[in-house]
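The values are calculated or read from the model by the stated rules, or taken from the named source; none is laboratory data. As the structure is a computational prediction, the values presented were derived from the model and not from experiment. Because the Cβ atoms are built from the backbone with ideal geometry, glycine has one as well, and the counts that use them run over all protein chains shown. Side chains are part of the model used for accessible areas, which takes the heavy atoms of the whole protein and leaves out ligands, DNA and RNA. Shrake-Rupley method; radii C 1.70, N 1.55, O 1.52, S 1.80 Å.
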Amino acid sequence: MSVWFVTGASRGFGAEIVHEALSRGHQVVATARKVESVLAAFPDAGESLLPVSLDVTDEEQARAVAEAARAAFGRIDVLVNNAGRGLLGAVEETSDAEARAVFDTNVFGLLAVTRAVVPVLRAQGSGTIVNLSSVGGFAGSPGWGVYGATKFAVEGLSEALHAELAPLGVHVMVVEPGYFRTDFLDSSSLQATGAQIADYAGGPVGATRARAADVNHQQPGDPVKAAKAIVDVVDSGKAPLRLQLGSDCVAAVESKLERVRRELDEWRSVSVATDHDDVIRTG
């Protein structure tokens, strides 16, 4: 039995992960901005669930919740940084306030919760951190530029954390979902930029806006299966650094890897020619 600490736990991936963890006998600290939403989502969870209010951007509150989790269950074994928000629009269309709002939750909120929980994991000499990224955190696409930038940041932070914490017995895994049938594309989760520039309407940004509306609740991915996969991988003790979820994500990652390889090969001579002349090249 493990103790899971899940942010954004009242719906979507967070709620499904909580359901899956509880079904396996794990104890769960389930957080959301409003604790009432957690209680409504899990009315019969019993003493295995600790529902807590948490604004992930409030680091003092995050520390208090981490301490409450440790006091209630004695430890924290798995941190799932799931809380997040979306933003749809061209990079040029995105205001400073809109960009900062999505970075505050997706990046600085994740950092605040991670800083609050990692001391517990270090003291134990064990644990797993699961950071929810996106296919957009590995392969950028039009209309998702600023949102994708937050997830690219999550990817970079996760790689560094993985290297920093592995010697201390703590593992880090970043999860890259494709399009899943959650409420992510609803207005309650996804904000559109206030500005919409006419020049972008007929191009890929306009196509992205239309697709987001068309595929809402018709996405190919099953969040129940995704939650099971995440808990399976963590429970296996063999979690990879990156876990792709969904056939669309796998296809996008494969396409980018091929494109990067082609460009690297095409421009290799230019790239390596920028070294000092006394550098001995090995490849």
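Table for the structure above
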| read-out | value |
| --- | --- |
| Helix-only mean residue ellipticity at 222 nm for the chain, each DSSP H run of n ≥ 4 adding -39500 (n - 2.57), per residue, nearest 500 | -14500 deg cm²/dmol |
| Excluding exposed DSSP-loop trypsin sites (Lys or Arg not before Pro) (at most 10 other C-beta within 10 Å), longest clean stretch of the chain | 1-237 |
| For V233, solvent-accessible area (1.4 Å; no DNA, RNA or ligand), Å² | 30 Å² |
| Computed lengthening from K238 to R100, 0.36 nm per intervening residue step minus Cα-Cα distance | 46.1 nm |
| Computed E for L168/L257 - FRET, C-beta separation, R0 35 angstrom, nearest 0.05 | 0.70 |
| Hull-based mean projected area of region 205-281, where the convex hull spans the alpha carbons, in square nanometres | 9.3 nm² |
| V279-K34 pseudo-label distance in nm [points 7 Å out on the Cα-to-Cβ vector] | 5.6 nm |
| Degrees between helix 247-266 axis and first principal axis of the chain (Cα, 0 to 90, nearest 10) | 40 degrees |
| Nearest-10 value in Å² for the accessible area of T150, using the 1.4 Å probe | 0 Å² |
| Cα-based shape type of the chain, given that a ≥ b ≥ c are square roots of the gyration tensor eigenvalues and the cut on a/c is 1.5 | oblate |
| Theoretical gain in end-to-end length, A229 to E266 [0.36 nm per residue, Cα-Cα removed] | 9.5 nm |
| Charged-residue dipole, Cβ positions (Lys, Arg, Asp, Glu), region 1-120 about Cα centre, Debye nearest 20 | 380 debye |
